[in-house]
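Structure, as C-alpha cells:
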Amino acid sequence: QVQLVESGGGLVQPGGSLRLSCAASGSIFSLRAMVWYRQAPGKQRESVARIGSDLSTNYADSVKGRFTISRDNAKKTVYLQMNSLKPEDTAVYYCNVVPLVNWGQGTQVTVSS
C-alpha cells in the first residue's frame, strides 16, 4: 500500500519560491502517475499539477508557467517547484497517486507579506 509524506511548505513573501517534496512508499511508484493537489480554507481540494509515469506533465491554468512538477523514481519522490508565488496560492498542499490512495497530512504553504 502506498503511503505519502509531504514536506517543504512554509511562509513566503509574494513573488518568492518554495519546493515541495512528496515521499512515497510502495514498490510500483515508477508505474503510477502522481498529482499535487491543494486545498485553501473554505474551498474544495483542487488538482494543481500531474506527472505521468512517462514524465508527461499537466498543470492547472492558475499555476501554468509558475509551477513545475518533477519526479525521482529512484527516491520515490515527487517535487513541486513553485515560483512567483501569489497570496492566492496559500493552501495546504497534498500529493497522491493515480488512482487515489489514503491522503497524507499535507504541507502548509502561506504566501503573505
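List of remarks:
- Test: residue in segment 25-42 that is open to solvent by 70 Å² or more (accessible area, probe 1.4 Å), at pLDDT 95 or above and charged (D, E, K, R): no
- Top-ranked residue of segment 43-59 - restricted to ones that are of a type in the set (D, E, K, R) and within 17 Å of V109 (Cα to Cα), ranked as surrounded by the fewest Cβ atoms within 10 Å (Cβ to Cβ): K43
- Strands (runs of 3 or more DSSP E) lying entirely in segment 54-113 (those with 1 or more residues that are in contact (Cβ under 8 Å) with a residue 60 or more places away in the chain): 77-82, 91-97, 107-111
- From the list E6, E46, the one residue that fits, being among the acidic types (D, E) and within 16 Å of V98 (Cβ to Cβ), is E46.
- Test: residue in segment 60-75 that is within 12 Å of the chain's Cα centre (by Cα) and open to solvent by 60 Å² or more (accessible area, probe 1.4 Å): yes
- Members of segment 80-96 that are among the charged types (D, E, K, R) and either open to solvent by 10 Å² or more (accessible area, probe 1.4 Å) or on the phi > 0 side of the Ramachandran plot (or both): K86, E88
- Conditions (1) surrounded by fewer than 15 Cβ atoms within 10 Å (Cβ to Cβ); (2) not hydrophobic (A, V, I, L, M, F, W, C); (3) not in a strand (DSSP E or B); number of the one not met by R19: (3)
The values are calculated or read from the model by the stated rules, or taken from the named source; none is laboratory data. These numbers were taken from a predicted model, which means no experiment stands behind them. We place every Cβ from the backbone using ideal geometry, glycine too, and count neighbours over all the protein chains shown. Keep in mind that these areas ignore ligands, DNA and RNA; they rest on the heavy atoms of the full protein, side chains included. Shrake-Rupley method; radii C 1.70, N 1.55, O 1.52, S 1.80 Å.
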